[in-house]
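I have placed the structure first, in the form of structure tokens, so that the comments after it can refer back to it.
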Amino acid sequence: MGYEAIIFDLDNTLLNFELCERQAILGALEYCAVSLDLNGVSEAIFLQVFETYNSKYWRQREIFSPNELIEMSYRSTLAHLDIQTDQISNLSQSFWHIFNHSAVMEPDVNEVLTVLARNYRLAVITNGFVSAQLPRMQAAGIEHFFEEVVVSEAIGFAKPSPEIFNHTLFRLDLTPAEVLYVGDSLTHDYAGAMQVNIDFCYYNRKQQSFLQGVQPKFIISELLNLLELVN
């Protein structure tokens, strides 16, 4: 295969975004003394409603700051569930403090990166905010593995835009044929890699089926499988 570098997605490929976000959503409630039990609301229901609003607001991330987006999500969720509090601004600040220091990793990440770093240059392409993604990598203790970390906010393009992939190739001074890209999203990772002719390894962490015609170069269900492919 002759790869010089392996580029990774971050969320739900190296770091478990879902668990990190859950910790932050519920942890902020606890820190700000907003009790779900006293309001007769389960954690599952709160998280479900929060995710509905958060997904909606996140599409406006070019307009609003990270704090504003989370504040809007809490405000709408609390109103929807009829929970009264004057702590909404503090909830947003607490969320980001907890989230930016969350380090829940996918299984075997340290072992895989340690082995790969012996023979390959490593990099990350991630959609998100610089103020969140870099501290989270530091909290997980994995930032030292990577020669380049390209965050969408910093360059003004997000996956699946080919620009963010071409920017990373330029930074690494490599051609598409010299790179393997690993990610969990067919919508953002696979679609983006295909546009610039980078081989894609689909980390199918939930073993989901996908549409006919979608043809990743490789498919793995565990990151450890990556070592068998490239070593």
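Just to be sure, is His144 over 29 Å from Ile98 (Cα atoms), free of Cβ contacts under 8 Å to residues at least 24 places away in the same chain and open to solvent by 30 Å² or more (accessible area, probe 1.4 Å)?
Working: over 29 Å from Ile98 (Cα atoms): no; free of Cβ contacts under 8 Å to residues at least 24 places away in the same chain: yes; open to solvent by 30 Å² or more (accessible area, probe 1.4 Å): yes.
In short, no.
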Please go through segment 30-48 and give me each residue that is part of a helix (DSSP H, G or I) and either open to solvent by 20 Å² or more (accessible area, probe 1.4 Å) or farther than 21 Å from Ser89 by Cα (or both), ordered by number.
Glu30, Tyr31, Asp37, Leu38, Asn39, Glu43, Ala44, Ile45, Leu47, Gln48
Given the criterion open to solvent by 20 Å² or more (accessible area, probe 1.4 Å), under 26 Å from Val104 (Cβ atoms), modelled with pLDDT of 95 or more and in contact with a strand residue (DSSP E or B) (Cβ under 6 Å, 6 or more places away or on another chain), identify the matching residue among Tyr190, Tyr181.
Tyr190
Given the criterion within 20 Å of Trp58 (Cα to Cα), hydroxyl-bearing (Ser, Thr, Tyr) and open to solvent by 30 Å² or more (accessible area, probe 1.4 Å), identify the matching residue among Ser161, Ser131.
Ser131
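If you check Gln215 against the conditions, is it at pLDDT below 95 and open to solvent by 10 Å² or more (accessible area, probe 1.4 Å)?
yes
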Condition check for Leu19: of a type in the set (A, V, I, L, M, F, W, C), over 15 Å from the mean Cα position of the chain (by Cα), farther than 18 Å from Gln93 by Cβ and surrounded by fewer than 17 Cβ atoms within 10 Å (Cβ to Cβ):
no
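For segment 172-193, check the following and say yes or no: at least one residue is without any contact (Cβ under 8 Å) to a residue 12 or more places away in the chain, of a type in the set (D, E, K, R) and under 22 Å from Leu116 (Cβ atoms). Working first, answer last.
The first filter runs over segment 172-193 and keeps only residues without any contact (Cβ under 8 Å) to a residue 12 or more places away in the chain, leaving 173, 175.
Of the ones still in play, those that are also of a type in the set (D, E, K, R) are 173.
Now restrict to residues that are under 22 Å from Leu116 (Cβ atoms): 173.
Looking for residues that are without any contact (Cβ under 8 Å) to a residue 12 or more places away in the chain, of a type in the set (D, E, K, R) and under 22 Å from Leu116 (Cβ atoms), one finds at least one in segment 172-193, hence yes.
The values are calculated or read from the model by the stated rules, or taken from the named source; none is laboratory data. None of these values were measured; they are calculated from a predicted model. With ideal geometry, Cβ positions are generated from the backbone for all residues, glycine too; neighbour counts draw on all protein chains shown. Heavy atoms of the whole protein, side chains included, go into the accessibility calculation; ligands, DNA and RNA do not. Shrake-Rupley method; radii C 1.70, N 1.55, O 1.52, S 1.80 Å.
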